[in-house]
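Asker: Below is a structure I'd like to ask you about.
The values are calculated or read from the model by the stated rules, or taken from the named source; none is laboratory data. What you see is a predicted model, and the numbers here were worked out from it, not measured in a lab. Here the Cβ positions follow ideal geometry from the backbone for every residue, glycine too, while neighbour counts run over all protein chains shown.
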Amino acid sequence: MLEALEIARKAVEVASEKQAVDILLLDTRDVCSFADYFVICSGESDRQLRAISEEIEHALKKGGVLPHHIEGDVDSGWLLLDFGDVIINIFAPFEREFYQLDKLWSHARPVLRIQ
């Protein structure tokens, strides 16, 4: 079974391969009670959002990791994949700007950012 940081890094790797933009990996252990890491990224189209989400799910499933819960859909512009200690947020640009999770979790420690 993969550790939380390995899950988060795999999600970042896959999102990058699928051309996600502004990928952010946050260590939330000191500021969040329900997750150790957040991954936040954006896609430019519905098709890309779906591809990022599906590929992350597929890659982690191969590693024996299944999501506890999935929320949202491409039509909402925000997909949330809950892997327990790792929460992955995939946004369309407008929704990312609107919800501003980057600012909401600004006290978390950035581990990695790919712009």
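Asker: Checking the condition without any contact (Cβ under 8 Å) to a residue 60 or more places away in the chain and hydrophobic (A, V, I, L, M, F, W, C), which residue from Val65, Val74 passes? Spell out how you get there, then give the answer.
Answerer: Working: Val65 fails: without any contact (Cβ under 8 Å) to a residue 60 or more places away in the chain.
After applying the criteria, what remains is Val74.
Asker: I've got another one for you. Gly43 - would you say it is under 19 Å from Ala108 (Cα atoms) and under 14 Å from the mean Cα position of the chain (by Cα)? Let's see the steps before the verdict.
Answerer: Details: under 19 Å from Ala108 (Cα atoms): no; under 14 Å from the mean Cα position of the chain (by Cα): yes.
So Gly43 fails the test.
Asker: Conditions: (1) touching a Ser or Thr at 6+ places or on another chain (Cβ under 6 Å); (2) small (Gly, Ala, Ser); (3) under 21 Å from Phe98 (Cα atoms). Ala35 meets all but one. Number of the miss?
Answerer: (3)
Asker: So, one more: Name the residue that is surrounded by the most Cβ atoms within 10 Å (Cβ to Cβ), counting only residues in the stretch 60-115 that are hydroxyl-bearing (Ser, Thr, Tyr) and either part of a helix (DSSP H, G or I) or in contact with a Gly (Cβ under 6 Å, 6 or more places away or on another chain) (or both). Explain how you work it out, then say what you get.
Answerer: Our first condition is that a residue be hydroxyl-bearing (Ser, Thr, Tyr); within the stretch 60-115, this holds for 76, 99, 106.
When the remaining residues are screened for being either part of a helix (DSSP H, G or I) or in contact with a Gly (Cβ under 6 Å, 6 or more places away or on another chain) (or both), the result is 76, 99.
On the way: Ser76: 13, Tyr99: 15.
So the residue we want is Tyr99.
Asker: Could you tell me how many of the residues in the stretch 24-59 are touching a Gly at 6+ places or on another chain (Cβ under 6 Å) and within 15 Å of Gly84 (Cα to Cα)?
Answerer: Applying the first criterion (touching a Gly at 6+ places or on another chain (Cβ under 6 Å)) to the stretch 24-59 yields 49, 52.
From the residues that got through so far, the ones that are within 15 Å of Gly84 (Cα to Cα) too are none.
Of the residues in the stretch 24-59, 0 are touching a Gly at 6+ places or on another chain (Cβ under 6 Å) and within 15 Å of Gly84 (Cα to Cα).
Asker: Another question, then. Residue check: is Ala108 within 13 Å of Leu25 (Cβ to Cβ), among the small types (Gly, Ala, Ser) and at pLDDT 95 or above?
Answerer: Against the criterion (within 13 Å of Leu25 (Cβ to Cβ), among the small types (Gly, Ala, Ser) and at pLDDT 95 or above), Ala108 qualifies.
Asker: Another question, then. Of everything in the stretch 85-100, what is in contact (Cβ under 8 Å) with a residue 60 or more places away in the chain and either closer than 15 Å to Ile56 by Cα or within 11 Å of the chain's Cα centre (by Cα) (or both)? Give them in sequence order.
Answerer: Val86, Ile88, Ile90 - these are the residues of the stretch 85-100 that are in contact (Cβ under 8 Å) with a residue 60 or more places away in the chain and either closer than 15 Å to Ile56 by Cα or within 11 Å of the chain's Cα centre (by Cα) (or both).
Asker: A further question on this structure: It is to be established whether one or more residues within the stretch 15-23 are aliphatic (A, V, I, L, M), surrounded by 20 or more Cβ atoms within 10 Å (Cβ to Cβ) and assigned to a helix (DSSP H, G or I).
Answerer: Looking for residues that are aliphatic (A, V, I, L, M), surrounded by 20 or more Cβ atoms within 10 Å (Cβ to Cβ) and assigned to a helix (DSSP H, G or I), one finds at least one in the stretch 15-23, hence yes.
Asker: Out of (1) of a type outside the set (Phe, Trp, Tyr); (2) exposed (fewer than 12 other Cβ atoms within 10 Å of the Cβ); (3) part of a loop (DSSP other than H, G, I, E, B), what's the single condition that is false for Ala35?
Answerer: The single condition Ala35 does not satisfy is (2).
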